[in-house]
1. Hey, can you grab everything whose amide H is under 5 Å from the amide H of Val209? Only 5+ residues off in sequence or another chain; H modelled, so Pro and N-termini drop out.
2. Report the normalised scattering of the chain as log10 I(q)/I(0) at q = 0.12 Å⁻¹, calculated by the Debye formula with identical scatterers on the alpha carbons.
3. Run the numbers on segment 96-189 and let me know its relative contact order in percent, using alpha-carbon pairs under 8 Å that are six or more apart.
4. Ratio to report: Rg/Rh of segment 11-53, with Cα atoms as the point set and Rh obtained by the Kirkwood method; give two decimals.
5. Whole-Hz Karplus ³J(HN,Hα) for segment 254-268, in order, using 6.51 cos²θ - 1.76 cosθ + 1.60 and θ = phi - 60°, x for Gly and Pro?
6. Just how large is the dipole of the chain about the Cα centre, in debye to the nearest 20, putting +1 at every Lys and Arg Cβ and -1 at every Asp and Glu Cβ?
7. Report, for the chain, the % of DSSP beta bridges that are antiparallel, rounded to 5.
8. Could you please rank Leu251, Leu216, placing first whichever residue has the fewest other Cβ atoms within 10 Å of its Cβ?
Amino acid sequence: MRALVMTAPGGSENSQVQEIAAPHPGPGQVAIDVAHAGLNFVDVMTRRGDAAYAAEWPYRPGKEVSGTVREVGAGVTGLAVGDRVVAAPVGAGLAEVVLAEAALTVPLPDGVALREAAAVPLGLATSLLLLTDAGRFTAGDTVLVHSAGGGIGNAVARLVPLLGGGRLIGTVGRAEKAAAAIASGYQHAFARGDDTAEAVRAATGGRGVDLVLDPLGTAALDLDLAVAAPGARIVLFGNASGGAVADLPPLSRLMAGNLTLTGFSHRGLAATAPDRLARAIRRVLDLVADGGLELPVTELPGLDAVPAAHDAMQEGRATGKYVVRVGG
Ligand SMILES: NC(=O)c1ccc[n+]([C@@H]2O[C@H](COP(=O)([O-])OP(=O)(O)OC[C@H]3O[C@@H](n4cnc5c(N)ncnc54)[C@H](OP(=O)(O)O)[C@@H]3O)[C@@H](O)[C@H]2O)c1
């Protein structure tokens, strides 16, 4: 089978499609013929060589897929060869065949297309859990999202109206990405700069925001604290630059504002609470099947096109969500 392999830390010069043996499932696993796979920034961070991502090189990227069950391992119940599914594999999903834990493999409801479904197991499930679990979103909240023009930013904007609606304010690293954020549902999108706190405060009539979703390490934490309304939640869920992170704010600052500072990790949840993650995947699929949730995706024609798309993500040029067509 064909699979994307990252041979060493670096850029697309170290990413290549190779012919390798198809894997067979162990106990509790399924093998999936991959139809589409989602692209995610975590693969870019791994490729870049950020600490604590690749356990070894060569590394096989890809953490969300849609496809058809090809083989079922011992002890697996509720899944059969030929079932249409989505899955969140630990890695190696950018390949024609992938192994996934049955606990993180979810049947596709009728009517949900494999192409769009590939964005669910990591991207959309993370976005839902950021809002509902980590962020305790309630209808009417004002939400500030950094990197609003990207995959997660786009998905959050599509989910908020389905959770009762709220005011959406995004920030982007480049002014030209503001349009993508507005198109996905943000009322305001600001290029991050010295005056961003003022702009966010003005957009909220001086009140501030109820929830901040921040994947920028600690780089924007002062901004988050400056625009947090009393009682706000700030969810830290990434470190996009890969740089060193600063100390967290002093307790007195959190106490004075009745603020909650929390973290979220899809990988952590997959390892420690797969049922919670699988529930989120099911809930998102139901929202798609009901016709309420649409997430436009950009489809790449094959695995050979992935390294250039990773380049665009790494350089901050990409907008929206990318999936790649892998199989038939
Ligand atoms: N904790 C979790 O479980 C989890 C799960 C999924 C995603 N995430 C995080 O959520 C964020 C969005 O993920 P995604 O897959 O949807 O990717 P994405 O938003 O489509 O692309 C990543 C974005 O990060 C921003 N960025 C900021 N500093 C950067 C830098 N130094 N180099 C490159 N990009 C930089 C860029 O947007 P701007 O320049 O507009 O800010 C870029 O477009 C990522 O940071 C990712 O690590 C975390």
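1. Ala228, Ala229
2. Cα-only, vacuum Debye calculation for the chain: -0.80.
3. Values: 106 pairs, mean separation 22.5, N = 94.
So the answer I get is 24 percent.
4. Details: Rg = 13.8 Å, Rh = 13.3 Å.
Using only Cα positions, Rg/Rh for segment 11-53 is 1.04.
5. Each residue's phi maps through the Karplus curve to give 5, 5, 4, x, 6, 8, 10, 10, 9, x, 9, 9, 4, 4, x Hz.
6. Details: 26 positive and 32 negative charges, 88 e Å.
Value, rounded to 20: 420 debye.
7. On the way: 30 of 56 bridges.
Roughly 55 percent of the DSSP beta bridges within the chain come out antiparallel.
8. Working: Leu251 8, Leu216 22.
Lowest to highest Cβ neighbour count: Leu251, Leu216.
FYI, it's all coordinate maths here, none of it is from the lab. Predicted model only: the values in this text are computed from it and were never measured. Glycine gets a Cβ as well: all are built from the backbone with ideal geometry, and neighbour counts include every protein chain shown.
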